[in-house]
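A short reminder: the numbers here are calculations on the coordinates, not readings from a lab. Worth saying up front: this structure is predicted, and the values here are computed from it rather than measured. Ideal geometry is used to build each Cβ from the backbone, glycine not excepted, and the neighbour counts take in all protein chains shown.
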């Protein structure tokens, strides 16, 4: 299940990048920066989860998967915004 979900996520990210290729504008970059400032609070939430439930979660098994998925989603965020704006204007 985990590997299948990772494959779907990676395929979706590549698809969004292909749709928005070369169309990222200054407005999208600014909106992405604002979203990054809000989404960075997720790091603090994960830190609280680690402190509260750290002994009940096997971090060695899930931390690397959470980290690369979060990185991928944030890396593709400008392309997401571009693709969403493109679809909204059509």
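Considering only alpha-carbon pairs that sit under 8 angstrom and 6 or more positions apart, the relative contact order computed for the chain is 64 percent. Projecting the alpha carbon convex hull of the chain along each direction and taking the average yields 7.0 nm².
For the chain, the longest principal axis of the alpha carbon atoms and the long axis of helix 59-75 meet at an angle near 10°.
Taking the longest Cα principal axis of the chain as reference, the axis of helix 41-53 is set at about 20 degrees. One decimal place: the segment residue 56-residue 31 gains 5.3 nm when fully extended, by the rule 0.36 nm per residue minus the C-alpha distance. Peptides 45-55, 75-85, 6-16 ordered by packing proxy, namely the average of other Cβ atoms within 10 Å per residue, highest first: 75-85, 6-16, 45-55. The stretch between residue 75 and residue 21 holds 18.1 nm of extra length on full extension. This uses 0.36 nm per residue minus the Cα-Cα distance. In this simple spin-label approximation, residue 39 and residue 68 carry label points 7 Å from Cα along the Cα→Cβ vector, and these lie 1.8 nm apart. Angle between the Cα long axis of helix 2-19 and the longest principal axis of the chain, 0 to 90 degrees, nearest 10? Tilt relative to the chain: about 20 degrees.
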